[in-house]
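Reading through the structure tokens given below for one structure.
Each value in this text was obtained by applying a stated rule to the coordinates, not by laboratory testing. Worth saying up front: this structure is predicted, and the values here are computed from it rather than measured. Neighbour counts run over all protein chains shown; Cβ positions are idealised from the backbone, glycine included.
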Amino acid sequence: MSELGSAPAWPPAGCALVTGGSRGIGAAIARALAQEGWPVAVNYNGSAQAAAEVVSAIEAAGGRAVALQGDVADPQVPELVFAQAEERLGVPVLALVNNAGITRDNLAPSLTDEEWDAVIATNLTGAFRFTRRALKGMMRARVGRIVNIASVSALRANPGQANYAAAKAGLVQFTRTVAVEVARRGVTVNAVAPGFIATDMTSELIGPDLLAAIPARRAGNVEEVAACVRFLVSRQASYVTGAVLTVDGGLGA
Amino acid sequence: MSAVTKEQVQERVVEALASFGPDAADIAPESTFEELDIDSLDLVELAQIVEDEYGVVLKGEDMKELKTVGEAVDLITERAN
């Protein structure tokens with residue numbers, strides 16, 4: 001097959017952009033993609049110091065990275081972040097990981113408009129705007145990788161997270177739809193749905209009762225999620241698109 | 001922005017359409033997008049190229065009206081000048 005015989009250089013002449021890349025799962029993804037040879041733009045919102053540490057760690061390991069501030073819920077931010085990433089790294093964004101996410105947990109009867117709107121704006125609308133901006137360059141380049149970080153909450157009810165579940169379930173179906181729209185341009189769009197991963201965001205949630213409900217009897221770690229993203233961004237994953245890869249110790253099985 | 005000629009736009013549009021599949025030789029002003037097997041995703045990409053290169057914003061409703069290559073070239077040329 002000629003397509004295999006003439007496999008293009010990989011990573012292609014582009015950079016990877018990870019939203020919410022300063023901490024937790026996002027930081028692990030940024031480091032993993034840098035190890036694969038991608039120059040990485042590490043987007044962060046509040047944690048400038050953590051983002052700088054991720055960049056330093058990548059550079060110390062021989063990679064290239066830049067930290068770029070921007071709240072993904074702000075409609076102006078995608079254009080600014082893409083322009084800065086492409087200017088400072090000198091290549092277009094050809095891999096995008098929509099990882100930035102927040103929780104504002106509350107039972108539905110007491111969920112406020114602010115809690116609902118904030119979670120939808122960051123976790124769903126932000127991912128849409130970054131994806132739309134990324135597709136411009138990826139479609140023209142005839143290659144691209146988009147990975148959306150969803151959640152087991154998109155697939156399995158988790159009381160107190162109606163807003164988060166709605167956003168993440170929306171992100172899953174957004175992923176599938178966009179994947180089908182752009183498949184013939186060589187752009188893949190997939191989702192990774194982590195279960196309970198030990199991070200700052202979940203430290204209060206993970207107790208004995210929860211662990212008993214997880215078939216693997218433990219929380220996951222960020223490297224286990226990053227490994228899945230690393231695969232979906234790889235050349236080898238070129239025929240995987242519209243997929244939702246659960247990384248949850250069997251919780252959703 | 002300096003004036004863009006219809007010939008320049010025609011050349012760029014044909015180049016873009018050819019990158020979507022059809023042979024450049026088969027693309028004439030009277031060719032319809034349907035005949036060329038140019039679909040809605042291709043037209044979205046064409047609109048982005050036109051926006052980047054000529055600063056002409058073509059919205060979804062503009063594109064829906066377009067049936068032939070010549071109509072697209074005329075519209076882009078008119079908006080660019």
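I want to verify a result. In a Gaussian network model of chain B, Cα cutoff 10 Å, which of these has the top mean-square fluctuation: B:E61, B:E30, B:E53?
It is B:E61.
In terms of modelled amide H atoms, which long-range or inter-chain residues lie less than 5 Å from the amide H of A:V244?
Answer set, sorted by chain and number: A:A191.
Enter the Cα centre distance for the pair the stretch A:36-75 and the stretch B:16-81, rounded to the nearest angstrom.
Cα centroid of the stretch A:36-75 versus Cα centroid of the stretch B:16-81: 38 Å apart.
If I build a Gaussian network model for chain B, linking alpha-carbon pairs within less than 10 angstrom, which residue out of B:L58, B:L41, B:L17 has the largest mean-square fluctuation?
Of B:L58, B:L41, B:L17, the Gaussian network model singles out B:L41 as fluctuating most.
Using +1 at the C-beta of Lys and Arg and -1 at the C-beta of Asp and Glu, which of B:A25, B:S40, B:V56 has the Cα lying farthest in the positive direction of the dipole of chain B?
The Cα lying farthest towards the positive end belongs to B:V56.
Output ³J(HN,Hα) for the stretch A:178-184: one whole-Hz value per residue in order, computed from phi by the Karplus curve 6.51 cos²θ - 1.76 cosθ + 1.60 with θ = phi - 60°, and x for Gly and Pro.
My calculation for the stretch A:178-184 gives 5, 4, 5, 4, 10, 3, 7 Hz in order.
Using the Cβ atoms and a cut-off under 12 Å, what net charge is assigned to the surroundings of B:T77, where Lys and Arg are +1 and Asp and Glu are -1? List each step's numbers first, then the result.
On the way: positive: B:K6, B:R12, B:R79; negative: B:E7, B:E11, B:E71, B:D74, B:E78.
After counting each charged neighbour, the total is -2.
Using only the alpha-carbon atoms, how far is helix A:48-60 inclined from the longest principal axis of chain A? Give it as 0 to 90 degrees, nearest 10.
40 degrees
Can you check what the net charge comes to around A:L17, using other residues whose Cβ is under 12 Å from the Cβ of A:L17 (Lys, Arg +1; Asp, Glu -1)?
Values: positive: A:R88, A:R133, A:R145; negative: A:E86.
Overall, the nearby charge balance is +2.
Karplus couplings for the stretch A:15-27 from phi (6.51 cos²θ - 1.76 cosθ + 1.60, θ = phi - 60°), rounded to Hz, Gly and Pro as x?
Per residue, the Karplus-derived 3J(HN,Hα) values read 10, 9, 10, 10, 7, x, x, 8, 9, x, 4, x, 5 Hz.
Once phi is turned into θ = phi - 60°, what whole-Hz ³J(HN,Hα) does the Karplus curve with 6.51, -1.76 and 1.60 give for every residue of the stretch A:114-123, x standing for Gly and Pro?
Rounded to whole hertz, the list is 5, 5, 4, 5, 5, 5, 5, 5, 7, 7.
Helix-derived [θ] at 222 nm for chain A: sum -39500 (n - 2.57) over DSSP H runs of at least 4, divide by residue count, nearest 500?
Here the helix-only value at 222 nm equals -13000 deg cm²/dmol.
Any chance you could give the angle, 0 to 90 degrees and rounded to 10, that helix A:222-233 forms with the longest Cα principal axis of chain A?
It is inclined by approximately 40 degrees.
Given H placed 1.01 Å from N in the peptide plane, which residues other than close sequence neighbours of A:A65 have an amide H under 5 Å from its amide H?
A:V40
Rounded to the nearest 5, what % of DSSP beta bridges with both residues in the protein assembly as shown are antiparallel?
Working: 1 of 29 bridges.
In the protein assembly as shown, approximately 5 percent of DSSP beta bridges are antiparallel ones.
Pull up all non-local amide H partners of A:I146: gap of 5 or more, or a different chain, and H-to-H distance under 5 Å with H placed in the peptide plane.
Here the answer is A:L96, A:T188, A:V189, A:N190, since their amide H atoms fall under 5 Å of that of A:I146.
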